[in-house]
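Can you read through this structure? Questions will come right after.
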Amino acid sequence: MSCVAGYRREPPGTHPEYLTPEYRSTLLRAPDRPLVPLSHSLSEVTGPIYGHERVGPLDHDLTRRHDGEPLGERIVVTGFVRDGDGRPVRDSLVEIWQCNAAGRYVHAADRHPAPLDPNFTGAGRCVTDAEGRYRFVTIKPGAYPWGNHENAWRPAHIHFSLFGPAFATRLVTQMYFPGDPLFAHDPIFRSVREPAARERLVARLDMDLTEPEWALGYRWDVVLRGRDATPVEA
Ligand SMILES: [Fe+2]
C-alpha cells in the first residue's frame, strides 16, 4: 500500500520511552530489538470510525448510570481534540475509565481494600462535536496503591482513549489533576521526560466551566499528532 499517504509520525521525545525501569512492568513488555517502521495501510488511514450510532445520550455522564448518585466530588471534564495542525477532530469517539472516589476500580484484579460504590461503574464515552469538543460529567477519582514498589500510589487520573479519524491516530493516555502531591513519586507520570510534554497531561481548573452549586470544571485539551502532541501512557 505504498500509495497511501499516512498520518504524521511523532517527533522523538513526544512520548515516554518504552523501557522506563522505575515503572516495573515496562521491563517485561518493552521491545528489546529495534522497531521496524511499517507504512500505514489503507484501512488504518481511512477508518473505521467507531461509536456514532451506539453512543447514548447519557453515556457521557458517569454520575447517572445507576439508581442513585455516586459518592465523591462531582466534576465536569471537557476540552477540544485537535490534530497536529490545529484542526478540530470532529465526530470522533472518546472513551474514559477511572476508579471511584475511594480509589477502587470495578475490576476483579483490583484488591485495594477500599469500598466499591454501587452507584459508580467508572466508564463513559462521547463523540466530539463539530468543533472537536468532548464533555464528561463524573466524580474526581481517588489515589490508589499499585504495587510497583514499596508504598507506591498513583496520583488521581482518568484514563482516556481517543481514536481520532482512524486507527493510526488512536491515543490511549491518562489525564491528571493540577497540583497533585503524588506527581513527584509516580514513575508513570515521570516516564514522560520532557517537562512541557508532562504538563500537557494535567488538566486545569477552569472557573468558567465550573457550575455554581453543582460541580467543579476542568479543562483538558488533546492534540493527537505533531509537536504539541499529548503523550501516550508509558
Ligand atoms: Fe488507573
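The values are calculated or read from the model by the stated rules, or taken from the named source; none is laboratory data. Since we're looking at a predicted model, the values are computed, not measured. Methodologically, a virtual Cβ is constructed for each residue, glycine included, from the backbone with ideal geometry; neighbour enumeration extends over all protein chains shown. Note: accessible area is taken over every heavy atom of the protein model, side chains too, but ligands, DNA and RNA are not part of it. Shrake-Rupley method; radii C 1.70, N 1.55, O 1.52, S 1.80 Å.
Checking the condition in contact with a helix residue (DSSP H, G or I) (Cβ under 8 Å, 6 or more places away or on another chain), under 16 Å from F80 (Cβ atoms) and more than 16 Å from the ligand (Cβ to nearest atom), which residue from F167, F163 passes? Walk me through it before giving the result.
Values: F167 fails: under 16 Å from F80 (Cβ atoms).
Answer to the check: F163.
Follow-up. Please go through the range 158-179 and pick out each residue that is open to solvent by 30 Å² or more (accessible area, probe 1.4 Å), more than 15 Å from H15 (Cβ to Cβ) and part of a loop (DSSP other than H, G, I, E, B).
Initially, the range 158-179 is screened for residues open to solvent by 30 Å² or more (accessible area, probe 1.4 Å), giving 165, 167, 170, 172, 178-179.
Filter once more, keeping what is more than 15 Å from H15 (Cβ to Cβ): 165, 167, 178-179.
The answer is P165, P178, G179.
Is it the case that V106 is in contact with a Leu (Cβ under 7 Å, 6 or more places away or on another chain), open to solvent by less than 20 Å² (accessible area, probe 1.4 Å) and closer than 25 Å to F163 by Cα? Steps first, please.
Numbers: in contact with a Leu (Cβ under 7 Å, 6 or more places away or on another chain): yes; open to solvent by less than 20 Å² (accessible area, probe 1.4 Å): no; closer than 25 Å to F163 by Cα: yes.
It is false that V106 is in contact with a Leu (Cβ under 7 Å, 6 or more places away or on another chain), open to solvent by less than 20 Å² (accessible area, probe 1.4 Å) and closer than 25 Å to F163 by Cα.
Ok, one more. Scan (1) away from the ligand (no atom under 16 Å from the Cβ); (2) open to solvent by 10 Å² or more (accessible area, probe 1.4 Å); (3) in a loop (DSSP other than H, G, I, E, B) for the single condition F80 breaks and write down its number.
It is condition (3) that F80 fails.
Is it the case, given these coordinates, that D91 is at pLDDT 95 or above, in a loop (DSSP other than H, G, I, E, B) and surrounded by fewer than 15 Cβ atoms within 10 Å (Cβ to Cβ)? Full working, then the answer.
Working: at pLDDT 95 or above: no; in a loop (DSSP other than H, G, I, E, B): yes; surrounded by fewer than 15 Cβ atoms within 10 Å (Cβ to Cβ): yes.
Against the criterion (at pLDDT 95 or above, in a loop (DSSP other than H, G, I, E, B) and surrounded by fewer than 15 Cβ atoms within 10 Å (Cβ to Cβ)), D91 does not qualify.
Check the range 53-67 and report whether any residue there is in a loop (DSSP other than H, G, I, E, B), in contact (Cβ under 8 Å) with a residue 40 or more places away in the chain, open to solvent by 40 Å² or more (accessible area, probe 1.4 Å) and under 23 Å from D221 (Cα atoms). Even if it seems obvious, please write down each step before you answer.
We begin by selecting, within the range 53-67, every residue in a loop (DSSP other than H, G, I, E, B); these are 53-60, 62-67.
If we keep only those that are in contact (Cβ under 8 Å) with a residue 40 or more places away in the chain as well, we get 55, 59-60, 62-67.
Filter again for open to solvent by 40 Å² or more (accessible area, probe 1.4 Å), leaving 60, 64-67.
Narrowing the set further to residues that are under 23 Å from D221 (Cα atoms) leaves 60.
Within the range 53-67 (the criterion being in a loop (DSSP other than H, G, I, E, B), in contact (Cβ under 8 Å) with a residue 40 or more places away in the chain, open to solvent by 40 Å² or more (accessible area, probe 1.4 Å) and under 23 Å from D221 (Cα atoms)), the answer is yes, since at least one residue qualifies.
List every residue pair whose Cβ atoms lie under 6 Å apart, where the two residues are 6 or more positions apart in sequence or sit on different chains, the first residue falls within the range 181-194 and is polar (S, T, N, Q), and the second residue, located anywhere, is buried (at least 21 other Cβ atoms within 10 Å of the Cβ) and not in a helix (DSSP H, G or I).
S191/P16; S191/Y23; S191/A234
Name the single residue, out of those in the range 109-139 being in a loop (DSSP other than H, G, I, E, B), within 15 Å of the ligand (Cβ to nearest atom) and small (G, A, S), that is most open to solvent (accessible area, probe 1.4 Å).
Keep residues of the range 109-139 that are in a loop (DSSP other than H, G, I, E, B), which gives 109-122, 128-132.
If we keep only those that are within 15 Å of the ligand (Cβ to nearest atom) too, we end up with 109-112, 114, 120-122.
Right, trim to small (G, A, S) and you get 109, 114, 122.
Working: A109: 75, A114: 13, G122: 4 Å².
Ranking the qualifying residues of the range 109-139, first place goes to A109.
Oh, and also: Cβ contacts < 6 Å: first residue without any contact (Cβ under 8 Å) to a residue 12 or more places away in the chain, restricted to the range 154-172; second residue away from the ligand (no atom under 16 Å from the Cβ), any location; separation 6+ or different chain. Result?
Hits for this filter: R170/F163.
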